[in-house]
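The block underneath contains the structure these notes are about, expressed in structure tokens.
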Amino acid sequence: MSPSRPPASASLNAARRSRELRELADGARVDVLVVGLGATGAGAALDAASRGLTVAAIDAHDLAFGTSRWSSKLIHGGLRYLATGQLDVAHESAVERGVLMERTAPHLVRAQPFVLPLTPLVSRGQSALAWAGFRAGDVLRASARTSRSTLPAPRTLSRVETRHMVPALRPGGLRGGLLSWDGQLTDDARLVTAIARTAARHGARVLTRTRALSLSGSGARARDELTGEEFDIRARTVVNATGVWAGDLAGEVRLRPSRGTHLVLRAEELGSLTAGMHIPIPGESNRFVLVLPQGDGRVYVGLTDEPVDGDIPDVPEAPETDIGFLLDVLGSALDVSLDRDSVVGAFAGLRPLLDTTTAAGTGRTADISRKHAVLTSPDGVTTVVGGKLTTYRRMAQDAVDAAVAASGLNAPRSRTASIPLVGAAAPTTLNALPAPRRLVRRYGSEAPAVHELGLADPQLAEPVVPGHPVTGAELLWAVRHEGALDESDILDRRTRIGLVPHDRQTAGEAAREALAR
């Protein structure tokens, strides 16, 4: 194990990147090289660094550039896996949900109520099955030792209660609803940013715009995407956490990607939603479309599960067939008129599902297990694929365990289940912070510092897009402390302004001003 090092700053910025990249290019050797800075890769960097190992973590693009920013923003307890008999995956999901909500990221994950409306399209048998599932999910919560105060119990709703929580529901034939609770992220890309910054605080070199051209068990050939300079990174062991692109660097890994599409709607289109919704997909016994209010004037609706063949794009597109499908399912339950013009944005992510001999080329990607896999190549590269955003920490732990074993490194056990991420604090502490609640939900204990930027310069306190709450202070914070290097980093990942193209265009000048400062 490497000797102890003084604590590092959690701030990521262009100057730190340049300094640490030069150290690697000049021959500095690290214990662990992690390739990929989505949730799992950032989690592996934190896991290894918190064990006392020296770490470099690189990504060809940015933090949360790939699948990790295209999720439903849910930290879910594995209810769907119970229904398909994947008890181990379900329990792991419930445990990791509890870790995030109660220990490592209570500022970013909160309890979210969901209503399953009992419309005429939901038979009494389906209703009974769903209710049994919610009760089983509550047992799963208890088995994971997540407190009742964190996640309330499910219950049935009267017709009046259901309409009160979701006024946009069609009243004809509505029998009531089923209320359940799950974890919802303020923002998945913000979670990845917090993980990466926590890794940096433990001494990891976190380097975006640094592409791995090839891997071996002793390091990588890399290229600085800002300058074009190529160099070698020397490492004692390597973790490949590049998600759907894992096969590009480890040819023995076979994936079967699945596309999940979401719509972005303006909140006013659906009235005053006080809960999310599970809307059953007609003809399916255990699949739902989710309606997810975001608290920022937007609502996400998703998601699909469609196989993807051929080359993997950097940024997947949401096809019109997916958009039409989601609108049709919404129309089966809602009493509001939603058409293609109601969709102000859409996004799609690709799940890095492991291809198996039983699933390869046959069946639906919806039927492929979400259990993650850790594979070590003959030359010592450890690749981690599969899994879910909720279980990123366990995936990272298993990957580092395997990499340490393969290389013979001496390192203690993982302790990330008890390491608070940057911004984390007890609810009582967060509630007492002198900052707007919206900032606390996004920045946790750092919210007062972000707020102070706006107090010092009133121009920075103003929203950068009419009708959207993100302020100029948040853009500047992204540049100074969260590693944003360009306009896209700021608008598409540190904030999610870019999910609506019109809003992205409006905010462009403010983003450029933040970079210029």
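Throughout, read-outs are computed from the coordinates displayed, never taken from laboratory work. These numbers come from a predicted model, not from an experiment. Glycine also receives a Cβ, built like all others from the backbone with ideal geometry; neighbour counts cover every protein chain displayed.
What is the set of long-range amide H partners of residue 203 at a cut-off below 5 Å, with H atoms built 1.01 Å from backbone N?
8
Taking the stretch 427-516 on its own, what percent of its Cα-Cα pair distances exceed 23 Å?
It works out to 18 percent of all Cα pairs.
Please list, short to long, the whole-number percent of alpha-carbon pairs of the stretch 160-200 in consecutive 10 angstrom bins beginning at zero.
23, 26, 19, 18, 12, 2
Would you kindly derive the ³J(HN,Hα) couplings of the stretch 200-217 from the backbone phi angles with the Karplus curve 6.51 cos²θ - 1.76 cosθ + 1.60 (θ = phi - 60°), listing them in order in whole Hz, with x for Gly and Pro?
4, 5, 8, x, 5, 7, 10, 10, 8, 6, 10, 8, 7, 8, 7, 10, 9, x
Please report the net charge: other residues with Cβ closer than 15 Å to the Cβ of residue 161, K and R +1, D and E -1.
+4
Rounded to whole Hz and in sequence order, give me ³J(HN,Hα) for the stretch 375-390 from the Karplus expression 6.51 cos²θ - 1.76 cosθ + 1.60, θ = phi - 60°, writing x for Gly and Pro.
Going residue by residue, I get 10, 10, 7, x, 8, x, 8, 9, 10, 10, 9, x, x, 9, 4, 4 Hz, with x marking Gly and Pro.
Sorted from largest down, what three extents in whole angstroms do the Cα atoms of the stretch 164-309 have along their principal axes?
That gives 66, 34, 26 Å along the principal axes, largest extent first.
Would you please give the residues with an amide H less than 5 Å from that of residue 118, counting only those at least 5 places away or on a separate chain, with H modeled from the backbone geometry?
Here 175, 176, 177, 178 satisfy the definition.
Per residue, how much space in cubic angstrom lies within the convex hull of the C-alpha atoms of the chain?
Dividing the Cα hull volume of the chain by its residue count gives 143 Å³.
In whole Å, what three semi-axes, largest first, describe the equivalent ellipsoid of the stretch 91-194 built from its Cα gyration tensor (square root of 5 times each eigenvalue)?
29, 16, 11
Principal axis lengths of the stretch 363-517 from Cα atoms, whole Å, largest first?
Dimensions of the stretch 363-517 along the principal axes of its Cα atoms: 56, 40, 32 Å.
Evaluate the charge dipole of the stretch 209-269 about its Cα centre and quote only its size in Debye, nearest 20, assuming +1 on the Cβ of each Lys and Arg and -1 on the Cβ of each Asp and Glu. If you can, show how the numbers build up before the last one.
On the way: 10 positive and 9 negative charges, 51 e Å.
It comes to approximately 240 debye.
Could you list which residues have their amide H under 5 Å from that of residue 210, counting only those 5 or more apart in sequence or on another chain, with H placed in the peptide plane?
59, 60, 61, 225
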